[in-house]
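To keep things clear, I will list the structure first and then write my remarks on it.
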Amino acid sequence: MNWGERWHAHAARSMEHPMFVPLYRTRARRRLLVAVGATGLLVIWADAIVSWYIAPSDTAVTVNFVLLTIALVCYLPSVTALNAATRGLASLPERRLDERQIAERLRAYTVANTLMRLILTVVTALVLAAMWGDGPAARVPGAAIALGLIAVWLTHYVLPLLVAGWRLPDPPPDDDPGDEQ
Amino acid sequence: MAEEPVFNRIAVLRADRGVSRRDLAAALGVHYQTVGYLERGEYSPSLHLALRIAEFFEVPVEVVFSLKPFPKLGSTS
């Protein structure tokens, strides 16, 4: 077994760990996790916008640090728990998923693709509108461009997982001793 | 297009044979939750998986799956 396979096997086993179950047991909790993850993304977008107006400056560095910390505190636990809830639906390679999981992944990717198209349309329109004319907003600092690209990349990367977590139905009730969620 | 329901008797057959969800899932090569979703009728299997489920229980596929609800135990129809 090569390193990639070992990593995926380890990831698949980790996602079955009962430690995460209380975090995603109910649909309300899973949707709360999605909301927290989406908040983390929004904070990164907000950081890019703030940097556009105040970077480069010492204040911008402090604001970046605070906002990125808030974003990570929201993003990392919610993404970890959602990966466990969906059993790696959006992160494991297809050969490690069964046909139901692959079908659900395709649905999640379809919805996420539509959402991403809407997000990119809105962002493009807002950026073009803000840069219109010759005001200070027409000059974009490098930090804002970098944070904007990170926000786009992270949103594109995690949106299928958020969609899958939002859609996930409650698993069937246990009828076997080992059938914990 | 709305998905047409496919009814099944996997839970009945599994209970009758004393097979756990995990054992059935392992035999079919699917996640054990998938067996639960199948039993609940929330997922309709591919033809390939349906045939493998029937093969596992050693019954014709129409014994396990139907487009109409199966009669309840004890009913005359």
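Quick look at the numbers
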quantity	calculated
Three-way shape call for chain B based on the alpha-carbon gyration tensor, with the a/c threshold at 1.5	oblate
Mean-position separation - Cα centroids, the stretch B:8-77 and the stretch A:31-52, in angstrom	43 Å
Separation in nanometres of the label points that stand 7 Å from Cα toward Cβ, at A:Thr114 and A:Leu149	3.1 nm
Span-rule helices in chain A, defined as complete DSSP H runs reaching 27 Å or more along the axis (Cα) with Kyte mean at least 0.5	A:27-54, A:58-85, A:99-130, A:142-167
CD proxy at 222 nm, helix term only [per DSSP H run n ≥ 4: -39500 (n - 2.57); per residue of chain A; nearest 500]	-25000 deg cm²/dmol
Distance from the stretch A:68-115 to the stretch A:122-153 (C-alpha centre basis), Å	29 Å
Cβ charges +1 (Lys, Arg) and -1 (Asp, Glu), total dipole of the stretch B:7-66, debye	160 debye
Two-site label geometry, B:Glu55 and A:Ala103: point separation in nm, points 7 Å out along Cα→Cβ	1.9 nm
Residue mean of other protein chain beta carbons inside 10 Å, A:94-105	4
Residue mean of other protein chain beta carbons inside 10 Å, B:29-42	5
Of A:Ser91, A:Ala108, A:Gly133, farthest towards positive along the dipole that unit charges on Lys, Arg, Asp, Glu beta carbons give chain A	A:Gly133
FRET efficiency, 1/(1 + (r/R0)^6) with R0 41 Å, evaluated for B:His48 and A:Ser57 via beta carbons	0.10
Approximate spin-label separation B:Leu67-A:Arg96, in nm, with each point projected 7 Å along Cα-to-Cβ	3.9 nm
Computed magnitude of the charge dipole of the stretch A:7-170 (debye, nearest 20; Cβ of K, R +1, Cβ of D, E -1)	620 debye
Calculated FRET value between A:Val73 and A:Ala28, using beta carbons and R₀ = 30 Å, to 0.05	0.90
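Coordinate-derived values only; no laboratory data. Bear in mind that the values here come from a model prediction, so they are computed numbers and not experimental data. With ideal geometry, Cβ positions are generated from the backbone for all residues, glycine too; neighbour counts draw on all protein chains shown.
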